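Participant: Supplied in structure tokens, the structure appears directly below.
The values are calculated or read from the model by the stated rules, or taken from the named source; none is laboratory data. Please read all numbers here as calculations on a predicted model, not as lab measurements. No Cβ is skipped: glycine too gets one built from the backbone with ideal geometry, and neighbour counts run over all protein chains shown. In case anyone asks, the SASA skips ligands and DNA or RNA and just uses the protein heavy atoms, side chains included. Shrake-Rupley method; radii C 1.70, N 1.55, O 1.52, S 1.80 Å.
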Amino acid sequence: MTVVNLLGEVTVQIDGRQAELGHGRQRCVLAALAVDAGRVVPDDRLVNRVWAPDVPARAQKSLYSYISRLRQTLAGEQIERRPGGYVLAEGDTDLRRFRELCVCAGESTDIERTELLTEALALWRGDALTGLPGEWAQAERDRLQLERLAAQHDLVDARLRTGQTGGLVAELSDR
């Protein structure tokens with residue numbers, strides 16, 4: 001089983017072992033595909049996500065090289081070429097799991113919501129996309145931080161409604 005982790009440093013676990021993903025730009029290509037897992041990401045969008053605003057003349061060739069290396073690392077079938085771009089198979093990512101748990105929490109009782117949001121927030125291992133270069137990575141990091149913050153606020157609300165206030169003041173002060 002392959003798991004792509006985005007909620008911290010970008011890593012991949014294959015059957016429980018961490019895979020070597022190469023340097024920052026190559027990891028950025030994987031992240032640029034993983035945030036849209038299951039959907040085609042056009043070549044030009046990938047290039048812009050990885051290199052903008054200073055796109056080098058050989059960016060397209062470098063992109064193909066990075067994808068080739070990532071395919072080897074991920075055993076081939078994870079990244080497919082489709083008309084108009086590339087798609088990362090809709091598999092397991094910590095981001096997908098985080099979002100699923102948050103959606104389930106929104107449809108649950110406050111006690112269940114507390115458990116689900118606690119589980120969702122435990123997936124975060126630091127700032128999303130840690131160590132990735134570029135404007136897109138920073139913008140995505142900021143956007144994902146807002147999702148994290150919303151989940152944290154929802155968790156605080158659920159804990160207050162269920163009377164689970166122990167340590168809450170200290171936790172909020174740390175934020």
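Condition check ((1) open to solvent by 10 Å² or more (accessible area, probe 1.4 Å); (2) at positive phi; (3) touching a Pro at 6+ places or on another chain (Cβ under 6 Å)) across all residues:
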| site | (1), (2), (3) |
| --- | --- |
| A59 | no, no, no |
| Y64 | yes, no, no |
| S68 | yes, no, no |
| R71 | yes, no, no |
| G84 | yes, yes, yes |
| C104 | yes, no, no |
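Participant: Name the residue, out of E100, E112, that is free of Cβ contacts under 8 Å to residues at least 40 places away in the same chain, over 12 Å from the mean Cα position of the chain (by Cα) and either over 29 Å from A31 (Cα atoms) or open to solvent by less than 60 Å² (accessible area, probe 1.4 Å) (or both).
Facilitator: Of E100, E112, the one residue that is free of Cβ contacts under 8 Å to residues at least 40 places away in the same chain, over 12 Å from the mean Cα position of the chain (by Cα) and either over 29 Å from A31 (Cα atoms) or open to solvent by less than 60 Å² (accessible area, probe 1.4 Å) (or both) is E112.
Participant: Kindly provide the set of residues from segment 34-86 that are within 20 Å of R96 (Cβ to Cβ) and charged (D, E, K, R), ordered by number.
Facilitator: D36, R39, R45, R49, E77, E80, R82
Participant: Within segment 131-154, identify whether any single residue is in contact with a Lys or Arg (Cβ under 8 Å, 6 or more places away or on another chain), over 25 Å from L46 (Cβ atoms) and part of a helix (DSSP H, G or I), and answer yes or no.
Facilitator: yes
Participant: Sticking with this structure for a sec: Output the number of residues of segment 38-57 satisfying the condition of being buried (at least 18 other Cβ atoms within 10 Å of the Cβ) and among the hydrophobic types (A, V, I, L, M, F, W, C).
Facilitator: Selection size over segment 38-57: 5.
Participant: In addition: With the condition kept exactly as written, say whether any residue in segment 123-133 is within 20 Å of L6 (Cα to Cα) and over 14 Å from the mean Cα position of the chain (by Cα).
Facilitator: yes
Participant: Of all the helices (runs of 4 or more DSSP H) wholly in segment 1-103, which have at least 1 residues that are more than 15 Å from G134 (Cα to Cα) and of a type in the set (A, V, I, L, M)?
Facilitator: Ranges flagged: 24-34, 59-73.
Participant: Which of the residues spanning segment 117-171 are of a type in the set (A, V, I, L, M, F, W, C) and loosely packed, with under 14 Cβ neighbours inside 10 Å?
Facilitator: A122, A139, L146, L149, A150, L160, L168, V169, A170
Participant: Would segment 135-157 turn up any residue that is closer than 21 Å to G22 by Cα, of a type in the set (S, T, N, Q) and out of contact with any Cys (no Cβ under 9 Å at 6 or more places or on another chain)?
Facilitator: Yes: segment 135-157 contains one or more residues that are closer than 21 Å to G22 by Cα, of a type in the set (S, T, N, Q) and out of contact with any Cys (no Cβ under 9 Å at 6 or more places or on another chain).
Participant: Output the residues belonging to segment 16-37 that are open to solvent by 40 Å² or more (accessible area, probe 1.4 Å) and touching a strand residue (DSSP E or B) at 6+ places or on another chain (Cβ under 8 Å).
Facilitator: Answer for segment 16-37, where residues must be open to solvent by 40 Å² or more (accessible area, probe 1.4 Å) and touching a strand residue (DSSP E or B) at 6+ places or on another chain (Cβ under 8 Å): just Q18.
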